[in-house]
1. Taking the dipole about the Cα centre of the chain, with the C-beta of Lys and Arg at +1 and of Asp and Glu at -1, give me whichever of Leu38, Ser321, Pro239 is farthest to the positive side.
2. For the stretch 254-290, which trypsin sites (Lys or Arg not before Pro) are both in a DSSP coil and crowded by at most 11 other Cβ atoms within 10 Å?
3. How much length, in nm to one decimal, is gained on full extension between Val378 and Ser296, taken as 0.36 nm per residue of separation minus their Cα-Cα distance?
4. Rounded if a/c is under 1.5, else prolate if a/b beats b/c, else oblate: with a ≥ b ≥ c from the C-alpha gyration tensor eigenvalues square-rooted, which is the chain?
5. If I fit a long axis through the Cα atoms of helix 239-255 and take the longest principal axis of the Cα atoms of the chain, what angle between them do I get, 0 to 90°, rounded to 10?
6. Counting Lys and Arg as +1 and Asp and Glu as -1, each charge on the Cβ, what is the dipole of the stretch 115-157 about the Cα centre in debye, to the nearest 20?
7. Taking all protein chains together and a probe of 1.4 Å, list Phe74, Phe223 from the most accessible to the least accessible.
8. How much length is gained if the chain between Thr443 and Glu196 is pulled fully straight, taking 0.36 nm per residue apart and subtracting their Cα-Cα distance, in nm to one decimal?
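The values are calculated or read from the model by the stated rules, or taken from the named source; none is laboratory data. What you see is a predicted model; the values in this text were computed from it and never measured. Backbone-built Cβ (ideal geometry, glycine too); neighbour counts: all protein chains shown. Calculation scope for accessible area: heavy atoms of the full protein, side chains included, ligands and nucleic acids excluded. Shrake-Rupley method; radii C 1.70, N 1.55, O 1.52, S 1.80 Å.
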Amino acid sequence: MNHATLKKWNSCPGELNIPQKDVSGMKRLHIYDFDNTLYKSPSPNRILYSNRAIRNLLTNDVMTTGGWYDQPCFLEESFKMCVADTQQLFWNEQMLSLTSLSYRDPETISIVLTGRKQEPFSSLMEKMLTVTRKLAVASEDNDSLYNKWSKDSNFLKFNAVCLKKRISRQASNLPTFQYKSSLIADFIRNYPNLEEITVYDDRLQHIKQFKSFFHQMRPRPRFQWFVIPVPQLSINLDPVAEYSLVHRVIQECNERRSTNQQLLEIKWTPKCTGFFLTMESQRIILKQAFRLTKLSNFKKINNISEYPMYVPICEPGQSISLNTIAQMYVNHENAATSLEFLNKFYNQRNPEHRKNVEFIVTHYVSKPIPTSRERDRVGLVYFKVIPKDRSTKIITTFEAGASLVIIGHLTEKPPDQYIHYNFDDDYMRENGMAWTPLKNTVTIDTTFGNYSKMKF
Ligand SMILES: [Mg+2]
């Protein structure tokens with residue numbers, strides 16, 4: 001039997017590389033997970049979806065033709081970006097160096113092992129590996145990030161690339177960990193002199209499972225195993241491209257639905273307008289909120305549970321005149337609503353068009369939401385902000401003198417009766433609420449704009 005096990009599990013014919021040594025000469029098995037370990041696979045862009053839509057997109061319960069990781073189009077789109085931009089590495093640099101060492105060693109079998117299904121993904125996977133190797137070779141004459149591997153003949157090569165095959169007589173595919181462990185067991189059975197297995201993976205759940213799997217098996221006296229957790233790396237697709245792909249996937253899902261299945265439809269949450277916190281500023285606020293949750297004994301804070309947080313200038317779904325927006329965007333009373341301005345305001349993906357405003361977070365107030373069970377204490381925490389530069393023009397639809405606050409909640413079904421936007425003195429008094437100064441004020445950075453999230 002000559003490496004029949006390798007041939008049996010391999011999914012990409014062009015990526016099968018039979019080792020020079022025969023079966024009895026192979027001492028080590030190195031296993032590289034694909035998604036977010038070897039390749040920075042795209043994950044859904046959180047800014048585009050409501051929390052429920054993300055859950056729906058990731059599972060097959062609603063997307064009956066397959067969720068995010070079953071559809072090749074998202075991975076394919078990311079690879080288009082990868083080829084177009086060689087100044088950004090879409091692969092995990094450290095893993096690339098390790099795979100090259102693994103492949104070079106004549107006594108090591110190195111494989112890619114992924115839970116992606118063979119049928120929809122094998123040709124894409126083969127293309128990604130082949131094209132990336134070509135990028136490295138071509139980089140000899142340019143300054144792309146692949147340059148350091150331009151002369152490495154072991155670059156991104158493996159003995160086999162193993163995707164999840166449908167096991168005969170099985171109605172559906174095996175769960176990924178079960179599939180991976182049965183492959184490993186088969187290699188141990190058929191390579192009698194294997195004495196070391198190393199697994200690289202990013203999923204903590206799988207790391208734990210691999211460890212207990214190896215703990216329980218003692219195939220031979222000198223057997224060693226290593227399970228190496230790899231920090232998860234991922235990228236986001238261009239939001240416009242991602243939207244059109246999701247739209248297409250949903251359409252296909254509708255076309256193939258059975259008669260008792262509901263038609264899926266992309267809708268939008270009510271449009272929010274205001275100052276949107278940067279990722280870093282959101283982290284600062286969450287840290288503050290976490291401290292307050294402990295103080296107020298809340299299990300959950302309802303009004304800052306979604307990304308992104310923002311400082312609203314009107315209630316969700318309410319619109320504000322373009323003239324007003326123009327005045328705030330250019331920070332001047334006499335700003336005219338020109339086509340050029342509108343173009344800039346609605347194209348803030350271009351960093352040059354962004355209107356950044358810094359705020360100082362000065363006070364907070366917390367309020368429990370009435371629930372029937374004390375142990376489920378749910379609450380609201382509002383942070384009061386003032387513009388760092390006092391001359392910043394901010395116009396809101398709220399009562400005169402109302403405080404500006406931070407909200408991190410995009411209503412799926414407006415109105416959410418407990419979340420409030422208009423914090424004038426009357427409201428505070430009537431509700432027995434008083435602002436408490438923060439011990440240390442913090443500064444946050446925001447972008448002025450508006451948007452809504454997809455829901456389905
Ligand atoms: Mg992974």
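1. Positive-most Cα among the choices belongs to Leu38.
2. Filter output for the stretch 254-290: Arg256.
3. 28.5 nm
4. Details: a/c = 2.28, a/b = 1.97, b/c = 1.15.
Prolate, because a/c is 1.5 or more and a/b exceeds b/c.
5. Roughly 70 degrees, rounded to the nearest 10.
6. Values: 8 positive and 6 negative charges, 43 e Å.
The dipole of the stretch 115-157 has a size of about 200 debye.
7. Working: Phe74 5, Phe223 30 Å².
Greatest to least solvent exposure: Phe223, Phe74.
8. 83.7 nm
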